[in-house]
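Here is the structure we will look at.
The values are calculated or read from the model by the stated rules, or taken from the named source; none is laboratory data. As the structure is a prediction and not an experimental result, all values here were calculated from the model. So basically every Cβ, Gly included, is an ideal-geometry build from the backbone, and we count neighbours across all protein chains shown.
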Amino acid sequence: MFAVGDLIDGRYEVRGLLGSGGQGDVLEVFDHHERDVVALKLLRPTNHPFGVWGEAQILRHLVDDHILPIRNADTHLGQPFLVTAIATEGTIGGRIPSVGFDVAQAVRWIQQACQGIERGHDCGLLHNDIKPDNLFLDGRGNCLVGDFGMAGQIDPTGAGIAHGGTAATVAPEVAQAVVAGEPPYATRRSDVYSLAATLFHLLTGEPPHQFVGLAEDDHLKHVATTLPRKIRDVAPHVPDSLARAVNAALSVDPESRPATAIEFANSIGRPIVGRRWQRTDEHGGHIACHRGVRSGRTDYLLCTLAGAKPTDRKLITTHAENNRKVANGTVETTRARWAATVRKLMDRLS
């Protein structure tokens, strides 16, 4: 609708497209009044009860260090638009490595997202679409929650209608209601599930549910009827205490999850004891590589190689600085037992 160089509302000069989503296209624009680069979202017609201006009204009341702030809302040539500060480093979703982020970094971002979501809950609002693509990074590397276009109001019972969501991170109770054709009620614990599913993706490089081979229309049904994977089955390097916190927050039973976003943030913030492991896949031809770091100690490299049979795996641990094998660091296992064997070996070496 608008090309590079076009002027919107007499002040916003279009520089390019930042992204597109269900709620509208987002443009990078230069604000000639404030002499600043900002993000301008072209709002699409919506059935949301808050109306087309719902997100603008929500953001006016949500002021927090970890929520993307609003600058303006108006109409140009009949096109409603919303202006927010620009996240200079883009979205977290746009930079997830295939092997996942460093554990400490992923936890820090999600704890910051929890703060923003808790602010929304305190104001009586559910986000309903927490996912990596809706978490933005500022110039200091801090996480800002954005895109409240699907937010819902919490009623006196503590629930609210979920006006949307994304299969990769949506809570199963919401997916079950949508599949059954019933009103999809969500709660604070539904947002907690989505925070945990997002953290799972940041730590592993994959969402909790695998949709390979499934038609897009079947994704919600899969979430509604299938348990999410255990995080250490996908990423055995994740510390046990953190894995237990993530798995609890991904419980199918909402009552088994943390009651609030801040409670979840606290549960994932426990100190990591011993050697910290991170998947790196730094050796071409290896099935997987993990680097273990401990303050003041030599780094370890734990590499997974193919065995004699297609189902066999061989784990070899070496000192990173000189490639010498670590005592008791070589183990043979099978593909089915790989994750459990890696966890056991990491625990021993830590």
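For the reader, a short list of remarks on this structure follows.
- Selection from the range 189-206 of residues that are touching a Ser or Thr at 6+ places or on another chain (Cβ under 7 Å) and surrounded by fewer than 23 Cβ atoms within 10 Å (Cβ to Cβ): Gly205
- Restricting the range 300-314 to residues that are in contact (Cβ under 8 Å) with a residue 24 or more places away in the chain and within 18 Å of Gly274 (Cβ to Cβ), the residue that is surrounded by the most Cβ atoms within 10 Å (Cβ to Cβ) is Leu302.
- The range 241-260 - residue that is more than 15 Å from Leu195 (Cβ to Cβ) and touching a residue at least 12 places away in the same chain (Cβ under 8 Å) and, of those, surrounded by the most Cβ atoms within 10 Å (Cβ to Cβ): Ala243
- Hits in the range 316-348 - residues which are closer than 18 Å to Gly274 by Cβ and either part of a loop (DSSP other than H, G, I, E, B) or not polar (S, T, N, Q) (or both): His319, Ala320, Val326, Ala327, Gly329, Val342, Arg343, Lys344, Leu345, Met346, Asp347, Arg348
- Top-ranked residue in the range 143-186 [being closer than 26 Å to Leu43 by Cα and hydroxyl-bearing (Ser, Thr, Tyr); ranked as surrounded by the most Cβ atoms within 10 Å (Cβ to Cβ)]: Thr169
- Test: residue in the range 55-63 that is outside the structural domain of Asp281 (by TED's automatic domain parsing), surrounded by 17 or more Cβ atoms within 10 Å (Cβ to Cβ) and at pLDDT 85 or above: no
- Residue list for the range 315-335, filter: surrounded by fewer than 16 Cβ atoms within 10 Å (Cβ to Cβ), polar (S, T, N, Q) and under 14 Å from Met346 (Cα atoms): Asn328, Thr330
- In the range 266-299, the residue that is surrounded by the most Cβ atoms within 10 Å (Cβ to Cβ) out of those that are among the aliphatic types (A, V, I, L, M) and closer than 17 Å to Lys344 by Cα is Ala288.
- Entry remark, the range 102-154: residues being closer than 20 Å to Pro184 by Cα, assigned to a helix (DSSP H, G or I) and of a type in the set (Val, Ile, Thr) number 1 in total.
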